[in-house]
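Peer 1: The following block contains the structure, expressed as structure tokens.
The values are calculated or read from the model by the stated rules, or taken from the named source; none is laboratory data. None of the values given here were measured: they were computed from a predicted structure. Here the Cβ is made from the backbone with ideal geometry for all residues, glycine too, and neighbour counts use every protein chain on show.
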Ligand code: SF4
């Protein structure tokens, strides 16, 4: 596997992103992943919360390369069904998932900031339990791979398959960005891929127990996330203002 490339290479990679972004638009997810693994070796990792798209990406990655790095942000507030799925993924694909924890345990957070922070200030809670741990993990990497799709939220609509992530300062790779939800589920059924049992109970998008509910008929797939708040993103995929390369 290729060693992590040096700083000079990273700068030249950043300069090449606009042309790579255009070229990659026609690449299949497998092609994008192959390019990512060959280019970055151990310095690229797949980030997954094990949603339907994440499961598809893990399956495709396992066909491209036997072993690859994958991490998950364990907020310690995930559903039992999600923890079960993590165990299943490790067994089925023979991989070890790197679990990234917040610096504060749930008890320490409550002690420092009071009870149920997610209700009073979900942005601060997400910063502590998701954004800071992600920033810490990405500090080890030259590139990260996500399973976002353009039609999931307005913030994701302009995402490229390969882009520069100004927020975290590395290459961001989104192989499934032009897939529809229908294509994702078709792939899951065709390849008999395990998925989170909550999807069959009207949870199309799954995060922490405190901030995820089932959606009602006619609601948007992400209506069950931070219901009652204008918040639609945890801050991991939000485009910074004046961030042209990323958007
Ligand atoms: S999704 Fe909710 S519980 Fe999870 S980190 Fe964000 S605010 Fe906290």
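Peer 1: Which one of these does residue 66 not meet: (1) surrounded by 20 or more Cβ atoms within 10 Å (Cβ to Cβ); (2) assigned to a loop (DSSP other than H, G, I, E, B); (3) over 17 Å from the mean Cα position of the chain (by Cα)?
Peer 2: Result: residue 66 fails condition (1) only.
Peer 1: Right, here's the next one. I need a count of the residues in segment 197-236 that are modelled with pLDDT of 85 or more and within 10 Å of the ligand (Cβ to nearest atom).
Peer 2: Qualifying residue count for the region: 6.
Peer 1: So, one more: Regarding segment 73-87, can at least one residue be identified that is more than 16 Å from the ligand (Cβ to nearest atom), modelled with pLDDT under 95 and over 17 Å from the mean Cα position of the chain (by Cα)?
Peer 2: No, because not a single residue in segment 73-87 is more than 16 Å from the ligand (Cβ to nearest atom), modelled with pLDDT under 95 and over 17 Å from the mean Cα position of the chain (by Cα).
Peer 1: Next up: Consider residue 54 carefully, then state whether it is closer than 20 Å to residue 236 by Cα and part of a helix (DSSP H, G or I).
Peer 2: Taking the combined requirement at face value, the residue satisfies it.
Peer 1: Taking residue 152 and the conditions (1) in a helix (DSSP H, G or I); (2) more than 9 Å from the ligand (Cβ to nearest atom), which numbered condition does it fall short on, given that it satisfies the others?
Peer 2: (1)
Peer 1: Counting only residues that are in contact with a strand residue (DSSP E or B) (Cβ under 7 Å, 6 or more places away or on another chain) and surrounded by fewer than 23 Cβ atoms within 10 Å (Cβ to Cβ), how many does segment 166-193 have?
Peer 2: Matching residues across segment 166-193 total 1.
Peer 1: Could you tell me whether segment 162-180 includes any residue that is more than 20 Å from residue 42 (Cα to Cα) and either outside any loop (DSSP other than H, G, I, E, B) or within 16 Å of the ligand (Cβ to nearest atom) (or both)?
Peer 2: Checked against the condition, which is being more than 20 Å from residue 42 (Cα to Cα) and either outside any loop (DSSP other than H, G, I, E, B) or within 16 Å of the ligand (Cβ to nearest atom) (or both), segment 162-180 yields no hits at all.
Peer 1: Assuming residue 152 fulfils every condition listed in (1) more than 16 Å from residue 221 (Cβ to Cβ); (2) surrounded by 15 or more Cβ atoms within 10 Å (Cβ to Cβ) apart from one, which condition is it?
Peer 2: (1)
Peer 1: When only residues in segment 125-143 that are touching a helix residue (DSSP H, G or I) at 6+ places or on another chain (Cβ under 6 Å) and not in a loop (DSSP other than H, G, I, E, B) count, which is farthest from the ligand (Cβ to nearest atom)?
Peer 2: 143
Peer 1: Could you please give the count of residues in segment 31-47 that are outside any helix (DSSP H, G or I) and either surrounded by fewer than 20 Cβ atoms within 10 Å (Cβ to Cβ) or within 16 Å of the ligand (Cβ to nearest atom) (or both)?
Peer 2: 1
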